[in-house]
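Since the structure comes first, as structure tokens, the remarks are kept for the end.
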Amino acid sequence: MFKPKLFTCLRDYSLSQFLKDVVSGIIVGIIALPLSIALGIASGVTPQVGLITAIIGGFFVSLLGGSRVQIGGPTGAFIIIVLGIINQYGITGLTVATLMAGIILIVMGLAKFGNLIKFIPYPITTGFTNGIAVVIFSTQIKDFFGFNLSHVPSEFIEKWSTYFSNIDKINPTAMLLGIATVLIIVLLPKVNDKIPAPLVAIVAVTVAAQLLKLDVTTIGSQFGEIKGELPRISFVPVNMEMIQTLMVPAFAIALLGSIESLLSAVVADGMIGGNHRSNTELIGQGVANIFSSLFGGIPVTGAIARTAANVKNGGRTPVAGIVHTVFLFITMMTLMEYFKFVPMASLAGILVVVSYNMGDWSEFGVLNKCPKSDALVFLSTFLLTVVFDLVIAIEIGIVLSVFLFMRRMAEISNTNLVEHHMIESDELRNHLEANKNEVMYYEISGPFFFGAADKFIQAIKSITKMPKVLIIDLKEVPVIDATGYYALERFADVCEHNKTKAVFINMNDKLYKTLDKYGFIDKIGKDNFCVDMAEATSESEKHLKLVS
């Protein structure tokens, strides 16, 4: 059910909370201002586009989202995707892919996929998050060190090869400004954590660069004159061929956006003791991306750092998020022309800190302690994200996780021939001892999936001479999938061929209903499905008398 949190919060809204939301919204806006500009430039678009994304996208995330405190806007996670789309399909391709991603997110929300995102394995999310952080760091080296390079390769290895081969072209002045920016952002919160360090850093470095007339690249020298203009809707021509071509990038944006926004919402819930509406959040994110693309913006998602700042400063309703977008809009319309003086090295310094904070670097320290399978998924996703592409990394990471899951299911599932003396039921034990080689008793344990089904078939094939009755105990089988069912089909055929009666006992209701839908119950015969050992023993004795 689509039910934005804003409308719920306004029911008992108070003046005191409104004032807190306004203050928090302004503070978050101050934090988001340099970040939005830096993220826009890093994504391969203009500073204005970064702000427009934060304004338009952030507004709809707060208006229609499922979290009380979520702050939406451009984030570092999208940088490599956006850069890749622009390099391959241009700005028009990015606009269409973002629009399509918005539609996909809405469909995901309506289909109630919000709760399914949590099933993406943790090694995959941490792997590509750390990989993205490394890629963002790599993209900022040129501006951070002031390299005077006309072209930097987009590929990771070639990029670093270019940096090292041109190390003599470092601009020491730009490097000092970048280092100063990082130091201010890192050290200022230790003195006063109420002051937005990124804004202080960018203002201080910009003022110093202008007063000292330092020879460094600025936003103005790289992008020309910039000024605040009212965002305008622009429609781009779309055809079926374009849609087919951009389907994969659009799904990549939607998947990454859904993961990051819901992770941010979960973090926020922990901070405020709240409970977000995941499907509503996906719909809100979808609408935000649609409107962001229509106004020329880039992909939007929930920003964890800005959301946390909102909570820490007293924001408790989506009103704070809306105030933050109003602040950004007013700033863009009145002060945008002054941003042309900001050194690119300072923006790079901001993103260097963003990339560091984005990664969960402690994961590398516990690789030798975690299961080897999880380490494999983590490292594969991380390296593929860095060296190749985020989409490839997620695809291969999920495929690896599926195969490893299959192997784990096979390990915990088993089919065992139970020896007579191991059987607890006196009645069944006596029955088996009285009918040696004519009755066998097997137990299946664990989910009856993939590898477990193969183990069952191999166990049946290992029987040198099929008995007259084969009792299969399913009390330890919680669920069965299609592969498990077809294994039972093959088992039934083997029994029929060898004139063996198959008796199933202790089957739970869910399993029984599943097999009944397949038609397996009617095929075997309802009399062959017993509720306990006594009934199974009785059914076995009837058959033995019948065939004797």
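The values are calculated or read from the model by the stated rules, or taken from the named source; none is laboratory data. Keep in mind the model is a prediction, meaning the values are calculated, not measured. Virtual Cβ from ideal backbone geometry, glycine too; neighbours counted across all protein chains shown.
Residue check: is ILE463 farther than 30 Å from THR381 by Cβ, modelled with pLDDT under 85 and of a type in the set (Val, Ile, Thr)?
Numbers: farther than 30 Å from THR381 by Cβ: yes; modelled with pLDDT under 85: yes; of a type in the set (Val, Ile, Thr): yes.
So ILE463 passes the test.
Within the group ILE184, ILE202, ILE195, which residue is free of Cβ contacts under 8 Å to residues at least 24 places away in the same chain and under 18 Å from ASP143 (Cβ atoms)?
On the way: ILE202 fails: free of Cβ contacts under 8 Å to residues at least 24 places away in the same chain; ILE195 fails: under 18 Å from ASP143 (Cβ atoms).
Of the residues listed, the single one that is free of Cβ contacts under 8 Å to residues at least 24 places away in the same chain and under 18 Å from ASP143 (Cβ atoms) is ILE184.
I'd like to know if the range 35-52 contains one or more residues that are closer than 14 Å to GLY321 by Cα and in contact (Cβ under 8 Å) with a residue 40 or more places away in the chain.
First, the residues of the range 35-52 that are closer than 14 Å to GLY321 by Cα: none.
No, the range 35-52 contains no residue that is closer than 14 Å to GLY321 by Cα and in contact (Cβ under 8 Å) with a residue 40 or more places away in the chain.
Quick one: in the range 315-354, of everything that is in contact with a helix residue (DSSP H, G or I) (Cβ under 7 Å, 6 or more places away or on another chain) and among the hydroxyl-bearing types (Ser, Thr, Tyr), which residue is surrounded by the fewest Cβ atoms within 10 Å (Cβ to Cβ)?
THR331
Name the single residue, out of those in the range 281-295 being closer than 14 Å to GLY72 by Cα and of a type outside the set (Gly, Ala, Ser), that is farthest from the chain's Cα centre (by Cα). Quick ask: steps written out before the conclusion?
Step one: list which residues in the range 281-295 are closer than 14 Å to GLY72 by Cα, which gives 281-292.
Filter once more, so that each one left must be of a type outside the set (Gly, Ala, Ser): 281-283, 285, 287, 289-291.
Working: GLU281: 14, LEU282: 13, ILE283: 16, GLN285: 14, VAL287: 19, ASN289: 17, ILE290: 20, PHE291: 22 Å.
In this case the residue turns out to be PHE291.
Which of the helices (runs of 4 or more DSSP H) found entirely inside the range 423-504 contain at least 2 residues meeting this: closer than 29 Å to VAL402 by Cα? Before the answer, list the steps.
On the way: elements: 426-434, 450-461, 482-497.
Ranges flagged: 450-461, 482-497.
Here is a check on your reading of the model: is VAL267 more than 16 Å from VAL28 (Cβ to Cβ) and within 24 Å of the chain's Cα centre (by Cα)?
Details: more than 16 Å from VAL28 (Cβ to Cβ): no; within 24 Å of the chain's Cα centre (by Cα): yes.
So VAL267 fails the test.
Does LEU515 fit the bill of being assigned by TED's automatic domain parsing to the domain that holds SER425 and either surrounded by fewer than 20 Cβ atoms within 10 Å (Cβ to Cβ) or farther than 22 Å from GLU433 by Cβ (or both)?
Yes, satisfied.
Give me a count of the residues in the range 438-453 that are over 19 Å from LEU511 (Cβ atoms) and either modelled with pLDDT under 80 or within 52 Å of the chain's Cα centre (by Cα) (or both).
To start, the set of residues in the range 438-453 that are over 19 Å from LEU511 (Cβ atoms) comprises 438-440.
Next, only the ones that are either modelled with pLDDT under 80 or within 52 Å of the chain's Cα centre (by Cα) (or both) stay: 439-440.
Residues in the range 438-453 being over 19 Å from LEU511 (Cβ atoms) and either modelled with pLDDT under 80 or within 52 Å of the chain's Cα centre (by Cα) (or both): 2 in total.
Here are some residues: VAL469, VAL479, VAL547. Which one is in contact (Cβ under 8 Å) with a residue 60 or more places away in the chain, surrounded by fewer than 15 Cβ atoms within 10 Å (Cβ to Cβ) and aliphatic (A, V, I, L, M)? Walk me through how you get there before you give the answer.
Numbers: VAL469 fails: surrounded by fewer than 15 Cβ atoms within 10 Å (Cβ to Cβ); VAL479 fails: in contact (Cβ under 8 Å) with a residue 60 or more places away in the chain.
After ruling out the rest, the residue left standing is VAL547.
Which of (1) part of a helix (DSSP H, G or I); (2) under 29 Å from the mean Cα position of the chain (by Cα) does ASN115 not meet, given it meets every other one?
(1)
Inside the range 109-126, can you point out the residues that are surrounded by fewer than 22 Cβ atoms within 10 Å (Cβ to Cβ) and not polar (S, T, N, Q)? Break it down into steps so the answer makes sense when it comes.
First pass over the range 109-126, keeping only residues surrounded by fewer than 22 Cβ atoms within 10 Å (Cβ to Cβ): 110-113, 115-122, 125-126.
Listed by number, the residues that qualify are LEU110, ALA111, LYS112, PHE113, LEU116, ILE117, LYS118, PHE119, ILE120, PRO121, TYR122.
So which residues in the range 65-93 are under 21 Å from the mean Cα position of the chain (by Cα) and in a helix (DSSP H, G or I)?
GLY76, ALA77, PHE78, ILE79, ILE80, ILE81, VAL82, LEU83, GLY84, ILE85
Being surrounded by 12 or more Cβ atoms within 10 Å (Cβ to Cβ) and over 16 Å from ALA348 (Cβ atoms) is the filter here, so list the residues in the range 183-196 that pass it.
Within the range 183-196, the first condition is being surrounded by 12 or more Cβ atoms within 10 Å (Cβ to Cβ), and the residues that meet it are 183-186, 188-189, 195-196.
LEU188, PRO189, ILE195, PRO196 - these are the residues of the range 183-196 that are surrounded by 12 or more Cβ atoms within 10 Å (Cβ to Cβ) and over 16 Å from ALA348 (Cβ atoms).
Does GLN222 qualify as being surrounded by fewer than 18 Cβ atoms within 10 Å (Cβ to Cβ) and of a type outside the set (Phe, Trp, Tyr)?
On the way: surrounded by fewer than 18 Cβ atoms within 10 Å (Cβ to Cβ): yes; of a type outside the set (Phe, Trp, Tyr): yes.
The answer is yes for GLN222.
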